[in-house]
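Notes follow once the structure below has been shown.
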Amino acid sequence: MKEFDRLLEIVKKLRSPEGCPWDREQTLYSMKADMMEEASELLDALDNKDAENIAEELGDLLLHVVMHARIAEEDGLFTIEDVARGINEKLIRRHPHVFAGAEAKTAGAVLKNWEEIKKREKRGKPEPESVLDKLPASMPTLMKAEKLQKKAAAYGFDWTDTNDIFAKLEEEIAELKEAALSGDKEKISGELGDVIFVTANLARHLGTEADESLRKTNKKFRNRFNYIEKSLAAEGKNLESASAEKMEELWQKAKGEE
């Protein structure tokens, strides 16, 4: 806690009249993009299983929490203690099987209890028009597709046979091909969205996450393409001078070495 207290003092100094001009300019709402970037960098560190980098990126995220809390305190809204108190009380409230003698022997039971407790906490508060409106508007799009379908599935609106989803995916791909032939950009966009949405649903039924799967594929693509670049450089060539056939040859070699 000594280092955490030190962080609080550093941020307080940065925000003071004698502090940093950039830090003093920030508001409670000006650093959203920066926070998203830091979260992405943490995901990269986790993907790479780089403990030192994970610790560093967690520190960057912690700085955002402390900075936001400091700004809020200056504005008379809340303090870092309020933030900690709120999450402490929520954790105790939502883990009665740990702190209050309730039973939950499986992860599934824990999640079920968690949702029921959340519902009780929200009683008396204005209800959204739809259960799907409870998801954050700024949630990453692919992740939101998964969450929307999971929410609907909780009320029985779901596929019962994975084969039916494969069939639906084939149907949507056929419609996308038809739209592509029409050249109608709006229709193409809509049909492509349907393909991605069904793919996200399929991922859930197969016990994986579409967003996580795509991140892994992005990394795989980057690594293979980097192999192409390095191989070409070793031959005294570059991307501009290489043929598509040469790059495909190197791509297949990259696959073979994974």
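So how do 68-74, 132-138, 55-61 stack up, highest first, on mean other-Cβ count within 10 Å?
68-74, 55-61, 132-138
Let's test this: bin the Cα-Cα distances of the range 6-165 at 5 Å from zero up to the farthest pair and state each bin's percent.
1, 7, 10, 12, 15, 18, 16, 10, 6, 3, 1, 0, 0
Between the range 229-248 and the range 62-86, what is the C-alpha centre distance in whole Å?
When both Cα centres are located, 52 Å separates them.
To the nearest 500 deg cm²/dmol, what mean residue ellipticity at 222 nm is calculated for the chain from DSSP H runs of n ≥ 4 alone, each contributing -39,500 (n - 2.57), summed and divided by the residues?
-23500 deg cm²/dmol
Please report the net charge: other residues with Cβ closer than 10 Å to the Cβ of A203, K and R +1, D and E -1.
For residues surrounding A203, the net value is -3.
Among A154, L206, L142, which residue has its Cα furthest toward the positive end of the charge dipole of the range 104-206, with +1 on Lys/Arg Cβ and -1 on Asp/Glu Cβ?
The Cα lying farthest towards the positive end belongs to A154.
Give the residue list of chymotrypsin sites (Phe, Trp or Tyr not before Pro) in the range 1-87 that are DSSP loop and have at most 12 other beta-carbon atoms within 10 angstrom.
Y29
Gaussian network model of the chain, Cα springs within a sub-10 Å range: biggest mean-square fluctuation belongs to which of H64, H97, H205?
Most flexible of the set in this elastic network: H97.
Out of the chymotrypsin sites (Phe, Trp or Tyr not before Pro) in the range 111-161, which ones are loop residues according to DSSP with at most 13 other C-beta atoms within 10 Å?
For chymotrypsin sites (Phe, Trp or Tyr not before Pro) across the range 111-161 that sit outside H, G, I, E and B with at most 13 neighbouring Cβ atoms in 10 Å, the list reads Y155, F157.
Less than 14 Å Cβ to Cβ from N88, Lys/Arg counted +1 and Asp/Glu -1: what total charge do the surrounding residues give?
Summing Lys/Arg as +1 and Asp/Glu as -1 gives +1.
What net charge is computed for the residues neighbouring L43, neighbours being all others with C-beta under 9 Å from the C-beta of L43, Lys and Arg scored +1, Asp and Glu -1?
-3
If you find the alpha carbon centre of the range 131-156 and of the range 15-46, how far apart are they in angstrom?
Answer, in whole Å: 28.
Among G193, G101, G19, determine the one that fluctuates most according to a GNM of the chain built with springs between C-alpha atoms less than 10 Å apart.
The residue that fluctuates most here is G101.
Quick one: 3J(HN,Hα) in Hz for the range 246-258, Karplus 6.51/-1.76/1.60 with θ = phi - 60°, rounded, Gly and Pro as x.
5, 5, 5, 4, 5, 4, 5, 5, 4, 4, x, 8, 6
No lab work stands behind these numbers, since they all come straight from the coordinates. What you see is a predicted model, and the numbers here were worked out from it, not measured in a lab. Neighbour counts run over all protein chains shown; Cβ positions are idealised from the backbone, glycine included.
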